[in-house]
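In what follows, a single structure is set out as structure tokens and then discussed.
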Amino acid sequence: MEGGGLRAVGSHCSLSEMDDLDLTRALDKPRLKIERKRSFDERSMSELSTGYSRHDGIHDSPRGRSVLDTPLSSARNSFEPHPMMAEAWEALRRSMVFFRGQPVGTLAAVDNTTDEVLNYDQVFVRDFVPSALAFLMNGEPDIVKHFLLKTLQLQGWEKRVDRFKLGEGVMPASFKVLHDPIRETDNIVADFGESAIGRVAPVDSGFWWIILLRAYTKSTGDLTLSETPECQKGMKLILSLCLAEGFDTFPTLLCADGCSMIDRRMGVYGYPIEIQALFFMALRSALSMLKPDGDGRECIERIVKRLHALSFHMRNYFWLDHQNLNDIYRFKTEEYSHTAVNKFNVMPDSIPEWVFDFMPLRGGYFVGNVGPAHMDFRWFALGNCVSILSSLATPDQSMAIMDLLEHRWAELVGEMPLKICYPCLEGHEWRIVTGCDPKNTRWSYHNGGSWPVLLWQLTAACIKTGRPQIARRAVDLIESRLHRDCWPEYYDGKLGRYVGKQARKYQTWSIAGYLVAKMLLEDPSHIGMISLEEDKLMKPVIKRSASWPQL
Ligand code: GLC
């Protein structure tokens, strides 16, 4: 694919238009930035028209608001905003963190009901994403810009766990601003995994950073940030950690357990869907921002190659629907050579009982993990939503993911959106897989718990697939409880009916996630910040049995 098929690229090319370009075109001529602002707005419109019916009268996010202003998103509505919105904005503003007078992020939680702070008084990179989107949608980009620059500075630190030096590109999991009231100075401490419980590496942080840089750029039309040599270098450093050649036989990214939102041992080591989807989205986002000069060009070439291989691999081997499940059920094992159908030697006996009943005739999803003799059939919310947003899922697959969600509403949404994964692990399996983790008991926390923060991703996926009514149902559920329960971090139980055993109250991303979902529903043009259209010329899904010769 690469090498051939290079086509001339138009000279009027900007970040927004790049999203739509055939990946191979990215290797061609340098991009010129002409009529930047206009193309950003047009981009939002074209994204809208493909996903769902067109909304007329879409307006830009207002800019340059002060942090103390009333929320614009609710103020400009013709209908009454839900009273929870105002409270959510207040709570979100209370969580803001300042460094030498500038807002640089939001605390993970502002829970005054407990003394057990742990590290919830820090700014987590992944937790800040919904806060950032809320601020961007409300026309307050400054905090996002400062956050991006501050974390970029932190990336430059020397990072060690004991005597082991971490890769240059690693972004922090979290940071904390220490204020010295006597000297009146602010200092920052950051955690790259060396202090985290279990010493887990935040593989997702760098990806979220790139995704957020694109969201900032799309939302503001300000290309000057992403084009600075510092940001260009930051992106390249993150990606060179993932694009380096090694012993890999797959284009997916090999990870340790606990390297993302699920930051404890949960049996997601290997090739977890959450990381693969974020990796894909970060690659595509970087492609739209990297300048093809010097080593940028080489990086772009590597990204393009990787994207082709990654989308092929994911769409073929991670995808599960009724037909595929039946194929796997009938798999032969121990096949050697290129003609193997069961390439990873998955044993049909390892298919868990629940999945046969769970799988509807219409619908499908990306499974949790695929590796040698290993298929984790669990459904994970974040990975599937990000697959839709990044267009890692084909349009058909995106629709199928939404079909499944509707079909399995009781299991995946229940009374509180949204299950982080389904189903839970229990008994012997829980003991072996989690290492007897008392925080991750069945239907709790990462083990089948329900996380309100995931509402924003669900809503974005619904809007992208033209099914906002699904999101509205989920928002109604949230509005009936979240505020009354003081914005908990997560809920427990098969239906998500109970406030989580150790859940923080006033968890910032539960608050921000709600705001983002509401603002997306009010003004769907915001979707362009966090969604990438399908690359039409990416290879289509090829049937398993026919795939080898075409590789
Ligand atoms: C928990 C979550 C993690 C989150 C952190 C701060 O550790 O598992 O995803 O970033 O809390 O809220």
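The values are calculated or read from the model by the stated rules, or taken from the named source; none is laboratory data. Just so it is clear, the model here is predicted, and its values are computed rather than measured. Heads up, the Cβs are rebuilt from the backbone with ideal geometry, glycines too, and the neighbour counts pull from every protein chain shown.
When region 102-147 is filtered for residues that are modelled with pLDDT of 95 or more and of a type in the set (Phe, Trp, Tyr), the ones remaining, listed by number, are 124, 128, 135, 147. Based on this model, can you work out whether residue 180 counts as in contact with a His (Cβ under 6 Å, 6 or more places away or on another chain) and away from the ligand (no atom under 16 Å from the Cβ)? No: the conditions fail for residue 180. Among the residues of region 91-115, those that are part of a loop (DSSP other than H, G, I, E, B) and either within 13 Å of the ligand (Cβ to nearest atom) or in contact with a strand residue (DSSP E or B) (Cβ under 8 Å, 6 or more places away or on another chain) (or both) comprise 95, 100, 107, 108, 110, 111. Within region 121-146, the set of residues being out of contact with any Ser or Thr (no Cβ under 9 Å at 6 or more places or on another chain) and within 16 Å of the ligand (Cβ to nearest atom) comprises 121, 129. Could you give every pair whose Cβ atoms fall below 8 Å, whose first residue belongs to region 125-143 and is among the small types (Gly, Ala, Ser), and whose second residue is more than 16 Å from the ligand (Cβ to nearest atom) and not in a helix (DSSP H, G or I), counting only separations of at least 6 or pairs across chains? Note: pairs meeting the criteria are 139/61; 139/62; 139/63; 139/64; 139/65. For the criterion of being out of contact with any strand residue (DSSP E or B) (no Cβ under 9 Å at 6 or more places or on another chain), more than 29 Å from residue 422 (Cβ to Cβ) and of a type in the set (A, V, I, L, M), residue 281 fails.
Of all residues in region 248-266, those that are away from the ligand (no atom under 15 Å from the Cβ) and either over 21 Å from residue 165 (Cβ atoms) or basic (Lys, Arg) (or both) total 5. Taken as a whole, region 153-170 holds no residue that is in contact (Cβ under 8 Å) with a residue 12 or more places away in the chain, under 23 Å from the mean Cα position of the chain (by Cα), within 15 Å of the ligand (Cβ to nearest atom) and assigned to a loop (DSSP other than H, G, I, E, B).
Here 118, 152, 136 are screened, and the one residue that is under 17 Å from residue 456 (Cα atoms) and not aromatic (Phe, Trp, Tyr) is 136. Got at least one residue in region 269-292 being of a type in the set (Asp, Glu), at pLDDT 95 or above, under 30 Å from residue 447 (Cα atoms) and assigned to a helix (DSSP H, G or I)? Yes: one or more hits.
Just one of the listed residues (406, 415) is acidic (Asp, Glu), outside any loop (DSSP other than H, G, I, E, B) and either in contact with a His (Cβ under 8 Å, 6 or more places away or on another chain) or surrounded by fewer than 19 Cβ atoms within 10 Å (Cβ to Cβ) (or both), and it is 406.
May I ask you to list the residues in region 132-142 that are assigned to a helix (DSSP H, G or I) and over 18 Å from residue 171 (Cα atoms)? Residues satisfying the conditions are 133, 134, 135, 136, 137, 142.
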